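None of the figures in this text is laboratory data; all of them are computed from the coordinates on show. For clarity, every value in this text was computed on a predicted model and none was experimentally measured. Positions of Cβ are generated from backbone atoms using ideal geometry, with glycine treated the same way; all protein chains shown enter the neighbour counts.
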Ligand code: 9UX
């Protein structure tokens with residue numbers, strides 16, 4: 001263990017979390033498809049997709065991408081992002 005290692009504070013500076021309503025998911029395969037589509041985006045740190053609640057909770061770098069980027073990816077995967 002090294003003491004005095006600098007913490008990479010830049011990693012957190014523009015992180016944001018968005019919850020997007022996702023319509024059209026009917027099974028766990030759909031959940032997986034949406035999750036994969038979101039996680040494939042550069043700037044997405046974490047994506048949790050909930051089938052029953054019809055939503056995707058995404059933690060992303062707001063300095064890199066926007067909610068619109070996330071919505072587009074969901075739409076491109078074949079689902080409706082509200
Ligand atoms: Mo299964 Mo979800 O084909 O589209 S992945 S219903």
Original post:
Quick one: helix 28-39 against the long Cα principal axis of the chain, what's the angle to the nearest 10°, folded into 0 to 90?
Top reply: 40
Original post:
When the gyration tensor of the chain is built from Cα positions, what are the square roots of 5 times its three eigenvalues, in whole Å, from largest to smallest?
Top reply: 29, 13, 10
Original post:
Between the helical axis of 67-76 and the dominant principal axis of the chain, each derived from Cα atoms, what acute angle in degrees is found, rounded to the nearest 10?
Top reply: 40
Subject >> Distance between modelled label sites at residue 68 and residue 18, nm, 7 Å Cα→Cβ extension >> reply: 1.0
**OP:** Quote the relative contact order of the range 14-81 in percent (integer), defining contacts as alpha-carbon pairs under 8 Å separated by 6+ residues.
**Re:** 43
